[in-house]
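What follows is a single structure, written as structure tokens, with notes after it.
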Amino acid sequence: MLLDQQVFNIIHGLANANGILDIVGVFFAQYAAYVLAIVAIFLIFKEKKWKKKIYFFSLASLSVILSRGIITEVIRFFYHSPRPFVALGFKPLLYDYAYSFPSGHMAAYVALSLAIFYLNKKAGYWFFGTTFLIGMARIFVGVHWPSDILGGVIIAILSFYLIKYLLFYSEKKEAPPQTE
């Protein structure tokens with residue numbers, strides 16, 4: 001917890017020092033995720049082959065649903081971690097009222113970034129970069145501890161690879177047998 005708070009203090013310590021930096025931080029913490037979602041939908045539906053389009057849509061949506069909608073919520077149901085602004089008693093740049101651990105934004109957007117990277121490596125790098133900025137901004141505005149961000153990342157990675165395995169396994173299982 002000490003390292004977690006020290007890293008939080010370094011990142012969040014930059015808040016309220018510069019109005020432009022605060023605006024950029026709030027944008028990435030709150031609104032950049034919408035941009036990623038719209039671009040992801042565009043990239044998936046830009047795919048010409050229907051089978052690939054359905055596969056990537058399934059991979060992205062199921063990974064996000066599992067990581068953000070199921071695993072994150074189950075953890076938050078049983079583990080009640082207060083947000084930094086509640087624990088430390090300060091006014092954040094942005095309010096979020098759910099429990100802190102794990103970061104739902106990271107759980108969703110790392111899973112989405114992995115799916116996009118699997119579809120399009122160049123776009124995937126942009127998604128990872130933007131997702132990294134979202135994570136840092138969530139700490140900057142005072143709504144997440146660094147461990148919340150890391151927890152969300154781990155959940156997203158595990159969820160993505162589980163869904164990828166299940167989709168590959170079901171696709172392989174349904175394929176017609178090879179004849180020589």
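The values are calculated or read from the model by the stated rules, or taken from the named source; none is laboratory data. Fair warning: this is a prediction, and the values are worked out from it, not measured in the lab. All Cβ positions, even for glycine, are placed from backbone atoms using ideal geometry, and neighbour counts span all protein chains on display. For accessibility, only protein heavy atoms count, side chains too; no ligands or nucleic acids. Shrake-Rupley method; radii C 1.70, N 1.55, O 1.52, S 1.80 Å.
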Looking at the range 98-129 only, could you name the residues that are among the aliphatic types (A, V, I, L, M), under 16 Å from Q30 (Cα atoms) and modelled with pLDDT under 95? A98
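Could you say which residue among G25, G89 is out of contact with any helix residue (DSSP H, G or I) (no Cβ under 6 Å at 6 or more places or on another chain) and either hydrophobic (A, V, I, L, M, F, W, C) or more than 14 Å from D148 (Cβ to Cβ) (or both)? Walk me through it before giving the result.
On the way: G25 fails: out of contact with any helix residue (DSSP H, G or I) (no Cβ under 6 Å at 6 or more places or on another chain).
Being out of contact with any helix residue (DSSP H, G or I) (no Cβ under 6 Å at 6 or more places or on another chain) and either hydrophobic (A, V, I, L, M, F, W, C) or more than 14 Å from D148 (Cβ to Cβ) (or both) holds for just one of G25, G89, which is G89.
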Verdict on N16 being among the polar types (S, T, N, Q) and not in a helix (DSSP H, G or I): yes
Would you be able to tell me the number of residues in the range 60-99 that are touching a Phe, Trp or Tyr at 6+ places or on another chain (Cβ under 7 Å), of a type in the set (S, T, Y) and either part of a helix (DSSP H, G or I) or buried (at least 24 other Cβ atoms within 10 Å of the Cβ) (or both)? 1
Please enumerate the residues belonging to the range 110-124 that are touching a residue at least 60 places away in the same chain (Cβ under 8 Å) and open to solvent by 50 Å² or more (accessible area, probe 1.4 Å). Y118, N120
Can we say L36 is of a type outside the set (F, W, Y), surrounded by 15 or more Cβ atoms within 10 Å (Cβ to Cβ) and more than 20 Å from L133 (Cα to Cα)? no
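State all residues of the range 32-57 that are farther than 18 Å from A123 by Cα and among the hydroxyl-bearing types (S, T, Y); if no residue qualifies, say none.
We begin by selecting, within the range 32-57, every residue farther than 18 Å from A123 by Cα; these are 49-51, 54.
Across the range 32-57, there are no qualifying residues.
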